[in-house]
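Worksheet: one structure, shown below.
The values are calculated or read from the model by the stated rules, or taken from the named source; none is laboratory data. Quick caveat: nothing in here was measured; it's all calculated off a predicted structure. When we count neighbours, we look across all protein chains shown, and the Cβ atoms used for this are built from the backbone with ideal geometry, even at glycine.
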């Protein structure tokens, strides 16, 4: 496969569209609590202004692109952000050249956080270097079937909880990478206690949870949105060994049930709370989340990340567009993802 540095701008944008088309073709028109686009339609101008301001300041202050990429910590967080930025800038009439510059910059950021295969053309999300892979494979503990069930149940609970506190933006929490050597998969979870978003949120016991799993005889692929497709095998029955680390320290297996119980309880309470809101309240929280996913840029620039008050006022005065009942066609998806020439 080509190295990113070998690609022309035109080739990079073509691969970008191809990479994002895959996850968009499997998207469900129904989203909890509401579709992000319905909410964003009420504040796209303010979101575009914030995006343009941040990237302009980064350029003016000559902040190294590696520092900007590192602020996001994981490539999937940037991948999913690219679409929201692209769509917002296109819909608000931003000059085409400015859109191209920002999009190419974002793709370069992603390339700096990956060890290979920027666009997941092989179905792998490759982040670790060769030496890091060797280290990850060390000190793994043999897994029996019951432990495997508990571990994979924990994965599901973590993903669900991430969607409770960030709605569709679960990438703020979850980064799944690999498979390395066709069998090693690493799942990392961060930002599970965003008290800036939820002032009454109970604090997750750890800041960083990393679970390394080694499988036998599976074929697993990931698209750039971290969606997985299991083409061969059974994750539960094929788990050979694992390692669970929290804040850099190894966790005992018995901790799985405690974490699972905590997540199940908090997820139930969060769903009940958000479901009790009307759609405008949900849209306001979406605004918080959209500005929060730009927080790494705000922090880097020393800016206040919070939503401008006018956004809440526009949501209160505005009307959410109707719910979509079907997913877009492939042609519509490609048109949405096309970067202006």
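Here residue 332 clears all of (1) assigned by TED's automatic domain parsing to the domain that holds residue 16; (2) in a helix (DSSP H, G or I); (3) without any contact (Cβ under 8 Å) to a residue 60 or more places away in the chain except the condition numbered (1). Would you confirm, using the coordinates I've provided, whether residue 192 is part of a strand (DSSP E or B), within 26 Å of residue 113 (Cα to Cα) and either outside the structural domain of residue 290 (by TED's automatic domain parsing) or at pLDDT 95 or above (or both)? Against the criterion (part of a strand (DSSP E or B), within 26 Å of residue 113 (Cα to Cα) and either outside the structural domain of residue 290 (by TED's automatic domain parsing) or at pLDDT 95 or above (or both)), residue 192 does not qualify. If you check residue 88 against the conditions, is it buried (at least 20 other Cβ atoms within 10 Å of the Cβ), in a helix (DSSP H, G or I) and touching a residue at least 60 places away in the same chain (Cβ under 8 Å)? So residue 88 does not fit the description; no. Only one of the listed residues (288, 275) is surrounded by fewer than 16 Cβ atoms within 10 Å (Cβ to Cβ), farther than 14 Å from residue 209 by Cα, within 24 Å of the chain's Cα centre (by Cα) and in contact (Cβ under 8 Å) with a residue 60 or more places away in the chain. That residue is 275. Restricted to segment 91-114, and to residues there that are free of Cβ contacts under 8 Å to residues at least 12 places away in the same chain and not in a helix (DSSP H, G or I), the residue that is farthest from residue 14 (Cα to Cα) is 93. When we screen 227, 237, 216, 202 for residues that are touching a strand residue (DSSP E or B) at 6+ places or on another chain (Cβ under 7 Å) and touching a residue at least 24 places away in the same chain (Cβ under 8 Å), the only hit is 216.
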